[in-house]
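Here is the structure we will look at.
The values are calculated or read from the model by the stated rules, or taken from the named source; none is laboratory data. Fair warning: this is a prediction, and the values are worked out from it, not measured in the lab. Using ideal geometry, Cβ is built from the backbone for each residue, glycine included, and neighbour counts are taken over all protein chains shown. Quick note on the areas: whole protein, heavy atoms, side chains included, nothing else; ligands and nucleic acids left out. Shrake-Rupley method; radii C 1.70, N 1.55, O 1.52, S 1.80 Å.
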Amino acid sequence: SPPSPGSLCRTKPTDLVFIIDSSRSVRPHEFEKIKVFVSRVIEALDVGPNATRVGVVNYASAVRSEFSLQGPQSKAALLRAVRGIQPLSTGTMTGLAIQFAVSRAFGAAEGGRGSAPNFKKVAIVVTDGRPQDGVQDVSARARAAGIEIFAIGVGRVDMGTLRQMASEPLDEHVDYVESYSVIEKLTHKFQEAFCVVSDLCATGDHDCEQVCVSTPGTYRCACRDGFSLNSDGRTCTACNGGLGSALDLVFLIDGSKSVRPENFELVKKFINQIVDSLEVSDKQAQVGLVQYSSSVRQEFPLGHFKNKKDIKAAVKKMSYMEKGTMTGQALKYLVDSSFSAINGARPGVPKVGIVFTDGRSQDYISDAAKKAKDSGFRMFAVGVGNAVEDELREIASEPVAEHYFYTADFRTISKIGKKLQMKICVEEDPCECKSIVKFQTKVEELISSLQQ
């Protein structure tokens, strides 16, 4: 299928004139196919007064200019104009039509941009008949005037006359299709033919220091992981400590019996998708996991697993405690044990706790919640189902609205990540910000995918 309109490339500024045969041998439905072909080629061009201009000459016994090079200049207007073209349905005066193109259609009065060296002049002739006049001399004059001619023949056309019209090399400029219904096969060839450069990165036509990202007709620069893009949009600076920030992240997961087994699986999936978005290593993110119900169980401490694969395997294996809901006790454990050096926490590294609960705590949480925040831990509270909003707010760091989330249904845990924007971005350090932002967007994507 043809690439989406406009995805192809910048086209060299071109004066392009289609010369289309609408003699009586071309049936109305076939003429519609020619119009579709013309439209498709136009769609892929870089159209505009200073880019590519398009004109259409329609001919049979007589020649009619449907619109000139200085006619409609926007793609939408051109496509509308093409839709409105009607067949003339008489003889086949191809020579006359080419003569008209040379003397009129490409002329300055009609919007032709003359012989400026960077402007191409291109004519695409579409015909299904044998001309009733001569094409050889007039085509030679057109080519001598700098017009590149492509000849497209359909059906019972005379191949000899196509060759007399077309520019050299003939095999690139003469095309034959057996019927109008397959003329669209040629679309891609013409879209490519007008392409100056489809991929500015591939052609080295850019000044990016590290990574060039191609976008239609242009490009932007990016940096390899561990580097951040400087404000010039071109050069890169190395981040300290590899990919951005170090982070000690501990999940505190409610395994009480109200979290049904299928929901417990959803929670595990959610944890793993967040883990997926981290860069795990000694220097970067470390992850710990604690489950609680009537008691507290450390599933694994910070830094115990050195890579994502092992962390995810351990999360999958986690069995479900299935008793009460002692959130206060669990928070106390988080503060006193999880984030202690003896359990792998690193001094000076930001500490983040994500607390997951689906019900009211059976013990008192205020002291432990306050202590966690006073210790400088960044606490996120995620509540599902019967979780109590006041408790979530009490656990959450300031600004509270950005740190606590609630959803009625486990299946929409997803929405939460949407907002789980880790705003631990140290503005002065783009590296740190970059990795966090990457983390945020990843979490948001995951969360929306979990909702599917």
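Couple of notes before you dig in:
- A crude spin-label estimate for the pair Ala313 and Ser61, with each label 7 Å from Cα along the Cβ direction, gives 8.5 nm.
- Point-charge dipole on Cβ atoms (K/R +1, D/E -1) for segment 247-425, about Cα centre, debye to 20: 500 debye
- Average projection area in nm² (convex hull over Cα atoms of segment 9-196, one quarter of hull surface): 8.9 nm²
- Under 15 Å from the Arg83 label point (7 Å along Cα→beta-carbon), backbone N, segment 41-59: 43
- In the structure shown, the pairs Lys317/Lys371; Lys309/Lys370; Lys309/Lys371; Lys316/Lys370; Lys283/Lys312 are assessed against 28 Å; a Cα-Cα span above that value is assigned to Lys317/Lys371; Lys309/Lys370; Lys309/Lys371; Lys316/Lys370.
- When only the Cβ of Lys, Arg, Asp and Glu is charged (+1, +1, -1, -1), the dipole of segment 41-188 relative to its Cα centre reaches about 460 debye.
- Per-residue Karplus couplings for segment 397-407, computed as 6.51 cos²θ - 1.76 cosθ + 1.60 with θ equal to phi - 60°, are listed in order as 6, 7, x, 3, 4, 8, 10, 10, 9, 9, 9 Hz, Gly and Pro entered as x.
- Heavy-atom accessible area order for His206, His173, His304, largest first, 1.4 Å probe: His304, His206, His173
- Exposure ranking of Arg260, Arg297 by accessible area [1.4 Å probe, largest first]: Arg260, Arg297
- Note on segment 9-196: with neighbouring protein chains present and a 1.4 Å probe, carbon and sulfur make up 50 percent of its accessible heavy-atom surface.
- Kirkwood Rh (inverse of mean 1/r, distinct Cα pairs), segment 9-92, angstrom: 13.0 Å
- A full extension of the chain between Tyr364 and Glu322 corresponds to an added length of 13.1 nm, given 0.36 nm per residue minus the alpha carbon distance.
- Stretching the chain fully between Ser181 and His206 yields a gain of 4.9 nm (0.36 nm per residue, less the alpha carbon separation).
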